[in-house]
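These notes are about the structure you will find just below.
The values are calculated or read from the model by the stated rules, or taken from the named source; none is laboratory data. All figures in this text were calculated on a predicted structure; none of them were measured in a lab. Here the Cβ positions follow ideal geometry from the backbone for every residue, glycine too, while neighbour counts run over all protein chains shown.
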């Protein structure tokens with residue numbers, strides 16, 4: 001089974017199940033009951049009427065006066081309904097949830113912010129969010145990387161390189177009874193580490209690339225970027241110094257809009273020619289593309 005599609009499928013199933021389990025947003029206040037009905041008042045009742053109704057019902061259903069288990073459960077519901085309706089802010093939120101049942105997530109967020117927001121440290125919520133996102137990010141990258149490795153190992157080119165490396169390490173002596181598919185697993189793992197696998201579209205997961213780690217290192221990253229930019233301006237804009245090979249290569253790569261991997265795979269002589277042309281100058285870049293178009297037409 002494709003690991004990436006498996007991960008995406010699990011995520012989709014989770015979202016669908018969550019959507020099916022979502023109840024009307026007003027249910028988070030008094031469950032399946034209506035807070036006003038529990039107290040026996042209408043939605044237009046004032047605070048005095050709500051208070052009077054609560055005291056009357058609480059005396060009737062209090063566990064000390066009514067030992068019936070069902071009455072005890074009702075007493076808890078009545079007390080909860082009164083806690084919601086006695087406060088003007090929470091009552092307004094509840095009324096809004098009744099009038100706008102379709103705004104499930106908005107009403108739920110308001111409820112938990114009102115009741116639990118003062119108990120929750122925002123920093124803890126932020127840390128938890130980044131931990132969860134980082135975990136999903138890591139699992140996704142691991143799945144993509146493993147899929148790419150499996151695809152490369154199924155290609156004939158990889159198997160031939162693996163066989164050649166095995167012969168090289170064993171001095172040309174090999175068991176004729178064994179084929180490509182019968183190479184010792186332990187030896188295959190050791191040899192695979194020595195092979196330069198060109199994985200496109202996936203990179204080996206790195207701890208430093210996780211969102212949580214990048215967020216923690218954000219001040220350091222910004223400081224480093226600011227220092228690099230300041231040095232660049234001082235060296236090349238103020239002192240007018242010639243570009244170093246590394247910086248000229250960087251400018252050439254950006255001018256040609258090449259990803260880092262593509263630039264790395266270009267042979268040395270071609271790189272030198274591109275850097276020498278000073279592609280970061282617009283006129284030089286236009287001339288280079290004109291030459292490529294002309295060469296393409298000539299070949300056709």
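The table below lists the values:
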{"read-out": "Filter result (surrounded by 10 or more Cβ atoms within 10 Å (Cβ to Cβ) and closer than 16 Å to residue 246 by Cα) within the range 266-300", "value": "266, 271, 272, 273, 274, 275, 276, 277, 278, 279, 280"}
{"read-out": "Wholly enclosed helices (runs of 4 or more DSSP H) of the range 224-300 bearing at least 2 residues at pLDDT below 90 and at positive phi", "value": "none"}
{"read-out": "Given (1) farther than 22 Å from residue 261 by Cβ; (2) at pLDDT 75 or above, number of the condition residue 176 does not satisfy", "value": "(2)"}
{"read-out": "Helices (runs of 4 or more DSSP H) contained in the range 1-104 and holding at least 3 residues farther than 30 Å from residue 150 by Cβ, under 47 Å from the mean Cα position of the chain (by Cα) and at pLDDT 80 or above", "value": "35-39, 69-85, 88-99"}
